[in-house]
Amino acid sequence: MGNQARPGDANHITREYFDSLLLEMRHIDSVIPDTKLTLYGETFSTPVMMAALSHLERCHPEGMTELARGAKAADSVMWAGMGDDAELERITATGARTVKIIKPYASNDEILRKIAHAEQCGCMAVGVDLDHAFNGRGERDVILNLEMDGKSLADVTRFVKATKLPFIIKGVLSTQDAQKCIDAGVRGIVVSHHHGIMDFAVPPLMILPKIMEVIGDKMPVFVDCSVENGYDVFKAIALGASAVSAGRVMMGPLSESGADGVAKTVRDITAQLAGAMARTCAHNIAQIEPSMVWGSWR
């Protein structure tokens, strides 16, 4: 009884949906698979990326910086969430290729300042986390005494035009927002419910095929929330994701073994992905396709 999920728990719903999807096997013409990811003109060993976490000092004294070291060691993309300028400078100084995700501060000037700082730090992309604008009571959210607010299509377009970097919107969970991201000139979206920020939120993989009908090949599409293993990564890529962000699965290894633990976890998940690819005749991640996955979406 103690392990029963709370009704409406979006994380539990998402985990159940992941596990409901099944893989067929294909063996003729199979080869050792290539797990490389090419993103915004750069190549990485794996489509397993860090999630846009923050405040990880409780896991390791150097927190996000140590996470970045692990991403660098695994040749994976680092994502950075809420944090001050000095922290982002420490993260990028590790050499990890970094995507900076900015909170939807009520002050657009602060967002624009942080976009400019991400450019100065040499980030590979920058974006805004729109799903943290309001709390569960329909009020502006307040995080660490900083007020958030919703953003209009005009606001997003302004952010896109303010930088030469690829601009990403995190928190897309509808075809409507996907289309608005295209209209604004966004160059990447994260399909996510922010680890259950709203009860009864649709699992990212459930809505991903519909979002892909809107996005097509116009931009990379990323997925996070409850990603735990290589099979999760395979299923997300099969349904349209370019790459996947893993967050909480990295926190235990970060606490126990620092960067080495993070790098090992990325490599283990990537190896499990490669195993699924070999047994489905996917020679590279571009060949992981929807017909390999069986479930209610078909």
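Using the eigenvalues of the Cα gyration tensor, what equivalent ellipsoid semi-axes result for the chain when each is taken as the square root of five times the eigenvalue, whole Å, largest first?
Working from the Cα gyration tensor, I get semi-axes of 28, 22, 20 Å.
Listing Glu119, Glu62 from fewest to most neighbouring C-beta atoms within 10 Å gives Glu119, Glu62. Counting neighbouring Cβ atoms within 10 Å and putting the fewest first, the residues Thr35, Thr14, Thr43 line up as Thr43, Thr35, Thr14. Within the stretch 71-143, the trypsin sites (Lys or Arg not before Pro) that combine a DSSP coil assignment with at most 16 other C-beta atoms in a 10 angstrom radius are Arg137.
Fewest-first ordering of Cys181, Cys121 by other beta carbons within 10 Å of each residue's beta carbon gives Cys121, Cys181. Of interest is the spacing of the C-alpha centroids, which for the stretch 68-103 and the stretch 114-150 amounts to 16 Å. Subtracting the Cα-Cα distance of Lys210 and Leu112 from 0.36 nm times their residue separation leaves 32.1 nm of extension gain. Once both labels are positioned 7 Å from their Cα atoms along Cα-to-Cβ, the gap between Asn145 and Asp85 label points is 1.9 nm.
Estimated purely from DSSP H runs of n ≥ 4, each contributing -39500 (n - 2.57), the mean residue ellipticity at 222 nm for the chain is -12000 deg cm²/dmol once divided by its residues.
If the segment from His283 to Ser255 were pulled out straight at 0.36 nm per residue, it would be longer than the present Cα-Cα gap by 6.6 nm. Which entries in Lys72/Lys164; Lys114/Lys218; Lys161/Lys235; Lys164/Lys264 show an alpha-carbon gap greater than 32 Å? Flagged as over cut-off: Lys161/Lys235; Lys164/Lys264.
Only the coordinates and a few stated rules stand behind these numbers; no lab work does. Just so it is clear, the structure is predicted and the values come from calculations on it, not from any experiment. Cβ sites come from the backbone with ideal geometry, for glycine too, and all protein chains shown count toward neighbours.
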